């Protein structure tokens with residue numbers, strides 16, 4: 001295709017002679033390219049219907065369960081030794097529900113589902129293949145090498161809490177992050193349960 005309108009008529013509307021010359025060049029190039037084109041043929045490829053989910057936090061576990069409930073085999077990979085991700089550090093919700101209770105229930109569902117193959121303390125060494133047919137090699141507990149064949153990959157690796165360099169964080173024990181505050185509030189007899197005053201600085205580091 002030679003795009004005469006966008007690349008000539010509009011951008012060179014006041015340079016008719018030069019625009020015409022450029023248009024001819026574009027047409028010549030398009031024709032020369034067309035002479036070398038080869039037809040595309042449809043090809044049937046066998047698809048591996050198993051899925052690889054990277055990350056055993058809330059998103060990863062929910063994704064794995066949704067796929068497993070549709071009768072797909074799922075390989076769930078978690079870098080840490082236990083499931084939960086950042087949800088393990090959340091103890092309170094605004095509506096009063098207990099997130100740790102929900103987390104425990106979710107983990108039990110994952111471990112009890114025959115369609116979900118769980119790998120904890122696992123590290124991905126390599127991924128190769130193409131859409132519908134992938135091979136992923138893992139080390140588990142730093143030793144055993146496992147190869148998994150699957151057709152799709154869901155990346156649910158979550159996020160890390162920002163550890164600031166500002167405001168004396170790391171230098172004064174009273175200066176903590178939001179998640180650290182929540183963990184201290186959930187600890188019985190913690191001095192942080194009855195603070196006299198609290199200052200929250202939002203969007204630090206952004």
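Would you be able to say whether some residue in the range 126-133 is assigned by TED's automatic domain parsing to the domain that holds residue 59, in contact (Cβ under 8 Å) with a residue 40 or more places away in the chain and under 27 Å from residue 64 (Cβ atoms)?
Yes, the range 126-133 contains a residue that is assigned by TED's automatic domain parsing to the domain that holds residue 59, in contact (Cβ under 8 Å) with a residue 40 or more places away in the chain and under 27 Å from residue 64 (Cβ atoms).
Restricting attention to the range 127-148, which residues are loosely packed, with under 13 Cβ neighbours inside 10 Å, assigned to a loop (DSSP other than H, G, I, E, B) and under 20 Å from the mean Cα position of the chain (by Cα)?
Hit for the range 127-148 is 131, nothing else.
Here is a list of conditions, (1) assigned to a loop (DSSP other than H, G, I, E, B); (2) within 24 Å of residue 177 (Cα to Cα), and residue 113 meets all of them except one; can you say which number that is?
(2)
Output the residues belonging to the range 175-200 that are in a loop (DSSP other than H, G, I, E, B) and either surrounded by 10 or more Cβ atoms within 10 Å (Cβ to Cβ) or assigned by TED's automatic domain parsing to the domain that holds residue 131 (or both).
175, 176, 177, 186, 187, 190, 195
Considering every residue within the range 152-162, establish whether at least one is free of Cβ contacts under 8 Å to residues at least 40 places away in the same chain and within 30 Å of residue 44 (Cβ to Cβ).
no
Look through the range 149-170, keep the residues that are part of a loop (DSSP other than H, G, I, E, B) and touching a strand residue (DSSP E or B) at 6+ places or on another chain (Cβ under 8 Å), and return whichever of them is nearest to residue 88 (Cα to Cα).
Ranking the qualifying residues of the range 149-170, first place goes to 158.
Name the one entry in 34, 30, 2 that is free of Cβ contacts under 8 Å to residues at least 60 places away in the same chain, surrounded by 12 or more Cβ atoms within 10 Å (Cβ to Cβ) and in a helix (DSSP H, G or I).
Being free of Cβ contacts under 8 Å to residues at least 60 places away in the same chain, surrounded by 12 or more Cβ atoms within 10 Å (Cβ to Cβ) and in a helix (DSSP H, G or I) holds for just one of 34, 30, 2, which is 30.
For the range 35-79, which positions are more than 16 Å from the chain's Cα centre (by Cα) and closer than 23 Å to residue 105 by Cβ?
65, 66, 67, 68, 69, 70, 71, 72, 73, 74
What residue, of 52, 65, 87, 106, is part of a strand (DSSP E or B) and in contact (Cβ under 8 Å) with a residue 12 or more places away in the chain?
Sole residue among the options that is part of a strand (DSSP E or B) and in contact (Cβ under 8 Å) with a residue 12 or more places away in the chain: 52.
Give 14, 79 a once-over and let me know the one that is within 24 Å of residue 125 (Cβ to Cβ) and in a loop (DSSP other than H, G, I, E, B).
None of the other options fit; the residue is 79.
Counting only residues that are in a loop (DSSP other than H, G, I, E, B) and either in contact with a helix residue (DSSP H, G or I) (Cβ under 8 Å, 6 or more places away or on another chain) or touching a residue at least 60 places away in the same chain (Cβ under 8 Å) (or both), how many does the range 90-103 have?
Qualifying residue count for the region: 4.
Which residue, of 23, 59, is in contact (Cβ under 8 Å) with a residue 60 or more places away in the chain, part of a helix (DSSP H, G or I) and surrounded by 15 or more Cβ atoms within 10 Å (Cβ to Cβ)?
Going through 23, 59 in turn, the sole match is 59.
Only residues in the range 171-188 that are closer than 11 Å to residue 92 by Cα count as the first member; pair them with residues that are at pLDDT below 85 and in a helix (DSSP H, G or I), Cβ under 7 angstrom, at least 6 apart or cross-chain, and list the lot.
From the range 171-188, the pairs are 185/192; 185/193.
The values are calculated or read from the model by the stated rules, or taken from the named source; none is laboratory data. From a predicted model like this one, the values you see are computed outputs, not experimental measurements. Here Cβ is always computed from backbone atoms with ideal geometry, including for glycine, and neighbour counts include all displayed protein chains.
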